[in-house]
Amino acid sequence: MSDNTAVAALRKAAAEVYGPGDAGYDEARTTWTLGADLRPAAVVFPRSADEVSAVVRAAAAEGLRVSPSGGGHNVFPLPDLSGTVLLRTARLGEISISPDTEIARVGSGVVWLPVVGAAADEGLAGLHGSAIDVGVVGYTTGGGLSWYGRPYGLAANRVTAVELVLADGAQVRADANHEADLFWALRGGGGGNFGVVTALEFALMPFENVYAGLLAWDLESAPRVLERFRTWTADLPDSITSIYRHAQFPPHAPQPWRGRQWVIIDATVLDSDADAERLLAPLRELKPEVDTFKRVPVTDVPHLHMDPEGPSYAVGDSRLLDGLPQSAVEMMLSLAGPGSGFGLVFAEFRHLGGALGRADPAGGALSYLDGAYNMFAVGASPTAEGRAAARGEINTLIDAVAVGNSHGRRYLGFHQAGHEAHAGYDDATWVRLGAIRSRVDPGRVLMANHSV
């Protein structure tokens, strides 16, 4: 079929459709990830599950594939979309909180920040991550590495139901009692491989404030701070979730960050103020220049990591690490420490373990992370050449730190390459995911960023 014929068929299925050459096409195809030049056969913004069903059927009839996308934080792995409909779920914006059951229901176009606010209004909290504008569905179906991960585990373990449209256009609800295999796959196996998720339900936690903040030193202090972080995280209770990072801020950043390189440790502590003070004492002994720790409402936590808000030219990648041996510390300091010429926005170690490291017997395809830390590094540039240079620095740094310190597993939520999806799972899980994919999408109509 011609492009015009396919777009015309899609317009019978949904009200908001953009084809190449249409006014609005360029804006419609642009996601949060500005460096990804996606050029799909059409972009569709469905406004209901029924429209999603109609779009999927129309696309398949025209010989097109369908790639679901929420906020678009991790679209770099997508291949050529010239024969694909980019199905953007931004108009599916439902948010409802049930204080009686402590369950949230969100449409697949919802990002985390308004969910945090709606839950907080009921004295509840969700397992959100460090970026306020990440889509709830993509984040959660891929695992969900949260600021409350060590006490509560991955966000995928809190999912109670998923509503989705399958590759044949059928609408199904998967939960513990219906479509059990599909429910298992959608909790950690990602959504885009098995259907177009239209709504997600998940359990919230009954707390409304937390002891949280950050400590910051000039990057010159990195050798002593990283060594302290390494020994400090070796014996922490599950109540504390923390991140160590080297970061540099642009000249237009607010003070005191403006134009400087820093070493930062940020954390949340689900414990009493007294216990939190005791746990943080070894870090405070190093006399940080900035100390923002205090008891705060849960609505403050999404801003803690100071991730950029809005679309970005960022590129990044990550690796699960077995630990932080001296060799890893030395490589981090050599390639991203003081005097190294460090050119990235940040490079960090996220402390895992606790509930993040324990398999949930009732969990899904990814119920825990097989590593002691997750290393994540990000660079940014408005030019393709600059982004390529940043990717080179990221790969060099992560590969060097991971030598002898990683068994190859990855957390795909932070993995921006279009290959190695198998590295997100053990062999048995990968085989089971593949079998479920073959059953629900035998024609491979759907296209996910990390394809099973």
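The values are calculated or read from the model by the stated rules, or taken from the named source; none is laboratory data. Predicted, not measured: the structure shown is a model, and the values here were computed from it. All Cβ positions, glycine included, derive from the backbone under ideal geometry; neighbour counts span all protein chains shown. Accessible surface is based on the protein model in full, side chains and every heavy atom, while ligands, DNA and RNA are left aside. Shrake-Rupley method; radii C 1.70, N 1.55, O 1.52, S 1.80 Å.
Numerical summary
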| quantity | calculated |
| --- | --- |
| Cα pair distances exceeding 21 angstrom across segment 267-360, given as percent | 55 percent |
| Translational diffusion of segment 398-447, µm² s⁻¹ [Kirkwood Rh, Cα pairs; Stokes-Einstein; 10 °C; 1.306 mPa s] | 124 µm²/s |
| Computed over segment 201-346, Cα set: Rg, Dmax in Å | 15.9, 48 |
| Per residue, in Å², the accessible surface of segment 1-106 once ligands and nucleic acids are set aside, probe 1.4 Å | 43 Å² |
| Over segment 229-290, volume per residue of the alpha carbon convex hull, in Å³ | 97 Å³ |
| Segment 36-155, relative contact order [Cα under 8 Å, separation at least 6], % | 21 percent |
| Per residue accessible area of segment 121-172, 1.4 Å probe, in Å² | 23 Å² |
| Per residue value of the accessible surface for segment 319-433 (all protein chains in place, 1.4 Å probe), Å² | 39 Å² |
| Net length gained if the chain between Leu286 and Ser82 were fully extended (0.36 nm per residue, minus Cα distance) | 68.0 nm |
| At 1.306 mPa s and 10 °C, Stokes diffusion of segment 272-311 via Kirkwood alpha-carbon radius, µm² per second | 130 µm²/s |
| Phi-based couplings in Hz for segment 291-308 (Karplus 6.51, -1.76, 1.60; Gly and Pro marked x) | 9, 10, 5, 5, 7, 9, x, 4, 5, 7, 5, x, 8, 4, 7, 6, 5, x |
| For segment 9-152, alpha-carbon Rg and Dmax in angstrom | 16.5, 50 |
| Accessible area of the chain belonging to carbon and sulfur atoms, whole % at 1.4 Å probe | 51 percent |
| Reduced Cα scattering model of segment 341-452, Debye log10 I(q)/I(0), q = 0.23 Å⁻¹ | -1.32 |
| Cα convex hull volume per residue for segment 141-231 (Å³) | 155 Å³ |
| Convex hull of segment 205-245 built on C-alpha atoms - directionally averaged projected area, nm² | 3.7 nm² |
| Kirkwood hydrodynamic radius over Cα pairs of segment 364-408, then Stokes diffusion coefficient at 10 °C and 1.306 mPa s, in µm²/s | 127 µm²/s |
| Value of relative contact order over the chain, rounded to a whole percent, pairs C-alpha under 8 Å and six or more apart | 18 percent |
| Relative contact order %, segment 176-305, counting alpha carbon pairs below 8 Å whose residues are six or more apart | 36 percent |
| Kirkwood hydrodynamic radius of the chain, Cα pairs, Å | 22.4 Å |
| For segment 84-224, radius of gyration divided by Kirkwood radius, i.e. Rg to Rh on alpha-carbons | 1.04 |
| Pairwise FRET efficiency - Asp168 versus Met306, Cβ, R0 = 45 Å, nearest 0.05 | 0.55 |
| Total charge dipole magnitude, the chain, about the Cα centre, Cβ charges on Lys, Arg, Asp, Glu only, Debye to nearest 20 | 600 debye |
| Geometric extent, Cα atoms of segment 75-138 - Rg, Dmax (angstrom) | 14.4, 47 |
| Centroid-to-centroid separation of segment 165-222 and segment 1-36 [C-alpha atoms, Å] | 28 Å |
| For segment 305-388, fraction of C-alpha pairs farther apart than 15 Å, in % | 68 percent |
